[in-house]
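Structure record follows, encoded as structure tokens.
Laboratory data are not the source of any read-out in this text; all were calculated from the coordinates shown. Nothing here was measured: the structure is a model prediction, and the numbers come from that model. No Cβ is skipped: glycine too gets one built from the backbone with ideal geometry, and neighbour counts run over all protein chains shown.
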Amino acid sequence: MAKWGEGDPRWIVEERPDATNVNNWHWTEKNACQWSESKLKELLKGFKMENDDAACEITEVEKLEGEAVVNNRKGKLIFFYEWDIVLKWQGSMNDSDEEVTGKITIPNLSEENKVDEVDVSVTIDKNTDAGYRVKSFMISVGTLKIRGQLGKYIDTLREEFSKGMILPKKDGSGTINTKDSAVNNLSTGFNIKMQMNSVPKSSSNTAGCKIDVSTLSFSHAFQCTAKEFYNALTVIEMVQAFTQGPAKLEVKKGGKFELFGGNIHGDFIELVPEQKIVQRWRSKRWPEEHYSTVTMVIEQKDDHTSVKVTQSGVPQSDADGTKENWDRYYWEAMKRTFGFGSFIV
């Protein structure tokens, strides 16, 4: 309890021009909805994506629903934002006169997801050869550029709505840097790099050592064509898009591949376009020179593509981790990046 005549400083109005929210103790809030709508439209409508192969442009913000608010509590800023966005786009390959149109759906732009985790789903209005080519460009190049624009929105939101939210104290302090620890999202998520789970090496790591192995078998259905799924694993730009990092890929029998910073590597045993991929596949953490065999059977259905995967020779100690990583770093990443909408069958 404060002494008589002093009072609790949390409730005393100090000699300041604003005479409110002393020491930033109370909860204050700013509505950022209208500003956000204008900023997102400014960043997205008319935005162009191009390289030596294709050129595309966002022509319309068809849907923009959600909210954004900024709160100050005890000198800390908390940002809440959640947006559901649908965009219209058009574009063409540089070697073709055919104009392709489609839509981009962004259902989960929120503080709960890092920018590179935001779903960006691309669709085309007409299924033509040129359409598929432009769609592949939009998936591999366009989605990364669009996430860049969304990142600009988030950075600007923090910059603009930090001003005046934390008031100066009696000693004159109170200015903040939006990049320091005073600026926090309600949910920051995990800062995890794209890498496969490690598995302890056995005491004997020489080639020919005997280890217990198991076989994994699972199936998925993807909302895409067999060609699109096959391309996602054999076209370097698409592989780099869903793995979110550099990759090495020699798409031929005996050709080598490296993904996730070299944590996963091997070579192709068999390639049948749109039907089958067989790989000699290993994790960097496995015993030296130990490889598994991954067989993917791709089957085009009427309304989806079915993929059956068998992986033999997986070290028993890493079977659960390997299965989990296929789900997380392959299937979910492909769903998030390309909008394949995978589900287990």
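Order the peptides 88-94, 296-302 from the highest to the lowest mean number of other Cβ atoms within 10 Å of their residues.
On the way: 88-94: 18.4, 296-302: 14.1.
Order by mean packing, descending: 88-94, 296-302.
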How far apart, in nm, are two points set 7 Å out from the Cα along the Cα-to-Cβ line at Asn108 and at Tyr291?
-> 3.5
Length gain on complete extension for the stretch Lys248 to Lys301, per 0.36 nm per residue less the alpha carbon to alpha carbon distance?
-> 16.0 nm
Using R₀ = 25 Å, calculate the FRET efficiency as 1/(1 + (r/R₀)^6) where r is the Cβ-Cβ separation of Gln223 and Glu62; round to 0.05.
-> 0.75
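Using a Förster distance of 56 angstrom, determine the FRET efficiency expected from the C-beta separation of Asp125 and Ile211, and round it to 0.05. Could you put the intermediate results ahead of the total?
Working: r = 52 Å, r/R0 = 0.93.
Plugging the Cβ-Cβ distance into 1/(1 + (r/R0)^6) gives 0.60.
Which of the pairs Lys210/Lys284; Lys39/Lys63; Lys48/Lys256; Lys103/Lys308; Lys45/Lys76; Lys308/Lys335 have their Cα atoms more than 26 Å apart in this structure?
Numbers: Lys210/Lys284 18 Å; Lys39/Lys63 14 Å; Lys48/Lys256 35 Å; Lys103/Lys308 30 Å; Lys45/Lys76 33 Å; Lys308/Lys335 16 Å.
From the list (Lys210/Lys284; Lys39/Lys63; Lys48/Lys256; Lys103/Lys308; Lys45/Lys76; Lys308/Lys335), the Cα-Cα distance tops 26 Å for Lys48/Lys256; Lys103/Lys308; Lys45/Lys76.
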16 Å cut-off, amide nitrogen to a point 7 angstrom out along Ser317 Cα→Cβ, residues in the stretch 262-283 | 283
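Work through the residues other than Glu117 whose Cβ is under 11 Å from its Cβ and net out their charges, Lys, Arg +1 and Asp, Glu -1. Present the calculation step by step, with values, prior to reporting the outcome.
Numbers: positive: Lys114, Arg147, Arg336; negative: Glu112, Asp116, Asp119, Glu332.
The answer is -1.
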